[in-house]
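The values are calculated or read from the model by the stated rules, or taken from the named source; none is laboratory data. Keep in mind the model is a prediction, meaning the values are calculated, not measured. Here the Cβ positions follow ideal geometry from the backbone for every residue, glycine too, while neighbour counts run over all protein chains shown.
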């Protein structure tokens, strides 16, 4: 893997209405009337337009938030907070590109359920953000939009698939932005861009009901932020609008818990795939930090068998096949399956060769989803890498890379995040490490299904004990 020579950083923060505040602080200033919603939106747009020529994170500009369905009600809990919507969720009046030239150029008649709920909290979207084609890989590079660059070092990837949102939050454009996660797409860009990224339990957030008809529903909706308290705030507010009665309530987590935890430590990936020394160092340093705080840490094996990797890949290929071959039914007659990229085409072709093995893979994945992760019978949380190595250089997972090379690189990079998508359990990426090239390295903490509260409590404690940079530096 070659090292980019360009180490330019991009920091959008300036002496304007947004300052360096997170969402929580901005809401306090709005309540005191030290600043107005209009001033915050104007500042966010100015910042985005200043840095986007370099970061390339905007798919569409949202010039009129009210036309897109945003509310003008100043009593809503997030009223006045500028934000971003990832461009794989419909937003009223905007074409949803999914990062692909294959998608029809047809504006959405209505926002998706999650976007409608997010707008209902009072946020004001300024743009829709980039992603790789159909969110299928762990970078944000596509033939449709080009490469989205990491503000910590523009020679490196933001991760994916929520990389456009992550880039602009990390650069200081907005304090909170939409992200979703079907294989790591909240946690991976959070890791690459130095953010807090909580993948919630399956069913925690509202989503399209069609997803529950999939053989295994992998996807959840959420946000990326710069602080634990902003992440806790979002989930507490979303829960007040949509409460899944089958899950324990999160509530508003404001501080660490006094309970000391039993923590399982994992540093070996699926099928013993290699993990770089600096990632292992970041995770073991986090483990030592936890021990210093009084928690009990013990090395544990991966909670899955070697077959999990091929099973997940086979299902990922099946979903790609469905997107490519069934796109007209899913997205409308304007969908053009001849315009998909090498990775989508390669995965779809892989499925046709592996189709007869899919039933067995689905049985095993469903069993894992049903049984959750037995490791949580003995441990409260599990500490692990998010990725197998530090953020990759731009082009390493680019759309021009041949399929076999791309797939081999991807499997070595992302062996830690898919487990929680299958089991449905929550996991959070925290920016506790830094690579030799100055880009962040996230550490993942996972918990049992429905136990986001424990993750947020521990995240507060780690944030207090080892504060991370909340702006590019």
- Query: In segment 139-152, what count of residues is obtained for those that are crowded, with 24+ Cβ neighbours inside 10 Å and either out of contact with any strand residue (DSSP E or B) (no Cβ under 8 Å at 6 or more places or on another chain) or modelled with pLDDT under 95 (or both)?
  - Reply: 2
- Query: Out of (1) in contact (Cβ under 8 Å) with a residue 60 or more places away in the chain; (2) not in a loop (DSSP other than H, G, I, E, B), what's the single condition that is false for residue 3?
  - Reply: (2)
- Verdict on residue 366 being at negative phi, surrounded by fewer than 15 Cβ atoms within 10 Å (Cβ to Cβ), at pLDDT 95 or above and under 24 Å from the mean Cα position of the chain (by Cα): yes
- segment 70-95, residues that are touching a helix residue (DSSP H, G or I) at 6+ places or on another chain (Cβ under 8 Å), assigned to a loop (DSSP other than H, G, I, E, B) and closer than 26 Å to residue 132 by Cβ: 87, 88, 89, 90, 91
- Task: Go through 442, 388 for me and flag whichever is within 16 Å of the chain's Cα centre (by Cα), modelled with pLDDT of 95 or more and either in a strand (DSSP E or B) or closer than 19 Å to residue 132 by Cβ (or both).
- Result: 442
- Filter result (surrounded by fewer than 18 Cβ atoms within 10 Å (Cβ to Cβ) and farther than 19 Å from residue 214 by Cα) within segment 347-363: 349, 353
- Those residues of segment 412-437 which are modelled with pLDDT under 95 and in contact with a strand residue (DSSP E or B) (Cβ under 8 Å, 6 or more places away or on another chain), in sequence order: 437
- Single match in 44, 48, 110 (criterion: modelled with pLDDT of 95 or more, out of contact with any helix residue (DSSP H, G or I) (no Cβ under 7 Å at 6 or more places or on another chain), surrounded by 22 or more Cβ atoms within 10 Å (Cβ to Cβ) and over 21 Å from residue 181 (Cα atoms)): 44
- Task: Identify, from the list 283, 322, the residue that is under 26 Å from residue 424 (Cβ atoms), crowded, with 16+ Cβ neighbours inside 10 Å and out of contact with any helix residue (DSSP H, G or I) (no Cβ under 6 Å at 6 or more places or on another chain).
- Result: 283
- residue 67 meets each of (1) part of a loop (DSSP other than H, G, I, E, B); (2) in contact with a strand residue (DSSP E or B) (Cβ under 8 Å, 6 or more places away or on another chain); (3) in contact (Cβ under 8 Å) with a residue 40 or more places away in the chain; (4) surrounded by fewer than 20 Cβ atoms within 10 Å (Cβ to Cβ) with one exception, condition (3)
- Query: Scanning for something farther than 20 Å from residue 113 by Cβ, touching a residue at least 12 places away in the same chain (Cβ under 8 Å), surrounded by fewer than 24 Cβ atoms within 10 Å (Cβ to Cβ) and touching a helix residue (DSSP H, G or I) at 6+ places or on another chain (Cβ under 7 Å), does segment 191-212 turn up at least one residue?
  - Reply: no
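Each row is one residue, and each column tells you yes or no for (1) within 26 Å of residue 412 (Cβ to Cβ); (2) modelled with pLDDT under 95.
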site: 247; (1), (2): no, no
site: 250; (1), (2): no, no
site: 256; (1), (2): no, no
site: 265; (1), (2): yes, no
site: 270; (1), (2): yes, yes
site: 276; (1), (2): yes, no
site: 280; (1), (2): yes, no
site: 294; (1), (2): no, no
site: 303; (1), (2): yes, yes
- Task: Check off (1) crowded, with 21+ Cβ neighbours inside 10 Å; (2) out of contact with any helix residue (DSSP H, G or I) (no Cβ under 9 Å at 6 or more places or on another chain); (3) within 24 Å of residue 157 (Cα to Cα) for residue 340 and give me the number that stays unchecked.
- Result: (2)
